[in-house]
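S.K.: I have a structure here, written as structure tokens, and I will follow up with some questions on it.
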Amino acid sequence: MSHDREHGSRGSRQEKVRELAQAFASALLSGDEIAAESTIREAMDASLTTSEIDEQLIATALWRVGELWERGEITVADEHIATEISLRVVALQREAQRVADARLRRRVMLAAPAGELHVVALRMVANLVRAAGYETIMLGPDVPADALAAAARHHEPDVICLSSTMPGRDRLLSAIDAVRAHRPSTGFVIGGRDPMAEEHMRPQIRVCRRVSEAVETVDAIVQRASQN
Ligand code: B12
């Protein structure tokens, strides 16, 4: 990376941190818990580290609250509300960290069933799921049911994402049945132009219309499995 580009991206990151710090401070000062939470979520999505959020957003805003309180510009009640909101967002960070840590121990396999060559969406899903912290194993296009089952036995994925564009729901059902013959608890996320109809649904199979739904759907399957 050139010096200028590196400097530019650091500058825009600092700008983002400043903008979020300002938004969080205003949320705290106006007692707006929802705005405060959504600012912290935005900070996490923007990949701010926990210590950046703690120090540059939460602590800085609380110091400002303290100053205003000392000067008599806000009441004790305002200060208490700001503290309560801060405690809640710290808990929110802990919960987000717990979900992220849980992903690190899980494996997601991706494939298109036999005869299916369309894999652009599947590759997008792989990127999203990997960026969220899951380990991914991409089998690619045109994977016969028995090959998928053999790979599942070998790699033991928690969830398999399948993409189906061309008509042929039987291919999907055969793929699922072949895997589940050996690993009945494997979860499935199915997407594409020709996903299975709801009436074909079996336990731990979810249908998605968009790649953007993939991560939360995989999360839901993994969480449900860990509760059983
Ligand atoms: C690129 C392309 C190809 C490429 C694929 C290359 C590759 N490596 O992927 C090639 C040239 C190989 C190809 C071949 C064919 N294609 Co083609 N192809 C397309 C095209 C132009 C783009 C598809 C694409 O990548 N879209 C972008 C992705 C991101 O969108 P998407 O797949 O729709 O996915 C969305 C959702 O479905 C969902 N999703 C999909 N999968 C998954 C999976 C998960 C887990 C999740 C969460 C979500 C999800 O997320 C996306 C939205 O966020 C479409 C046109 C179109 N309108 O889609 C035709 C299209 C899909 N193809 C078509 C046809 C007919 C064919 C061929 C039969 C052509 C031929 N006569 O040879 C062959 C069949 C190949 C086969 N057996 O699979 C038809 C399908 C019609 C149908 N369903 O019956 C289309 C719609 C073109 C058309 N208008 O006729 N094709």
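The values are calculated or read from the model by the stated rules, or taken from the named source; none is laboratory data. Bear in mind that the values here come from a model prediction, so they are computed numbers and not experimental data. Please note: Cβ atoms are built from the backbone with ideal geometry, for glycine as well, and neighbour counts cover all protein chains shown.
S.K.: Out of the residues in segment 104-121 that are within 16 Å of the ligand (Cβ to nearest atom) and under 15 Å from the mean Cα position of the chain (by Cα), which is surrounded by the fewest Cβ atoms within 10 Å (Cβ to Cβ)?
M.R.: ARG107
S.K.: Six or more apart or on different chains, Cβ under 7 Å: which pairs go from a residue in segment 200-222 that's assigned by TED's automatic domain parsing to the domain that holds ARG123 and assigned to a loop (DSSP other than H, G, I, E, B) to one that's within 12 Å of the ligand (Cβ to nearest atom) and among the small types (Gly, Ala, Ser)? Could you list them?
M.R.: Sorted first by the residue in segment 200-222, then by its partner, the pairs are GLN204/GLY187.
One line per residue, one yes/no per condition, for (1) under 20 Å from the mean Cα position of the chain (by Cα); (2) modelled with pLDDT of 95 or more; (3) not β-branched (Val, Ile, Thr):
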{"position": "ILE40", "(1), (2), (3)": "yes, yes, no"}
{"position": "MET44", "(1), (2), (3)": "yes, no, yes"}
{"position": "THR49", "(1), (2), (3)": "yes, no, no"}
{"position": "LEU57", "(1), (2), (3)": "no, yes, yes"}
{"position": "LEU62", "(1), (2), (3)": "no, yes, yes"}
{"position": "ILE74", "(1), (2), (3)": "no, no, no"}
{"position": "ILE85", "(1), (2), (3)": "no, yes, no"}
{"position": "VAL90", "(1), (2), (3)": "yes, yes, no"}
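S.K.: Continuing with the same structure: Tell me, yes or no, whether segment 202-220 has at least one residue that is within 30 Å of SER47 (Cα to Cα), of a type outside the set (Ser, Thr, Tyr) and away from the ligand (no atom under 11 Å from the Cβ).
M.R.: yes
S.K.: Is it the case that some residue within segment 142-155 is part of a strand (DSSP E or B), near the ligand (Cβ under 9 Å from one of its atoms) and modelled with pLDDT of 95 or more?
M.R.: yes
S.K.: So, one more: Can you name the residue in segment 85-100 that is touching a residue at least 24 places away in the same chain (Cβ under 8 Å) and surrounded by fewer than 19 Cβ atoms within 10 Å (Cβ to Cβ) and, of all such residues, is farthest from LEU48 (Cα to Cα)?
M.R.: Step by step, filter segment 85-100, then rank; the result is ARG88.
S.K.: Could you list all residues from segment 140-167 that are buried (at least 18 other Cβ atoms within 10 Å of the Cβ) and over 20 Å from the mean Cα position of the chain (by Cα)?
M.R.: Within segment 140-167, VAL143, ALA145, LEU148, ALA149, ALA151, ALA152, SER164, THR165 qualify.
S.K.: Same structure, new question: Just for segment 122-141: of the residues that are more than 12 Å from the ligand (Cβ to nearest atom) and either in contact with a Ser or Thr (Cβ under 8 Å, 6 or more places away or on another chain) or without any contact (Cβ under 8 Å) to a residue 24 or more places away in the chain (or both), which one is nearest to ARG105 (Cα to Cα)?
M.R.: ARG130
S.K.: If I ask for residues that are small (Gly, Ala, Ser) and either within 14 Å of the ligand (Cβ to nearest atom) or outside the structural domain of GLU213 (by TED's automatic domain parsing) (or both), which ones from segment 156-198 would you list?
M.R.: Passing the criteria: SER163, SER164, GLY168, ALA175, GLY187, GLY191, GLY192.
S.K.: Run down GLU33, GLU55 and say which single residue is touching a residue at least 12 places away in the same chain (Cβ under 8 Å) and of a type in the set (Asp, Glu).
M.R.: GLU33
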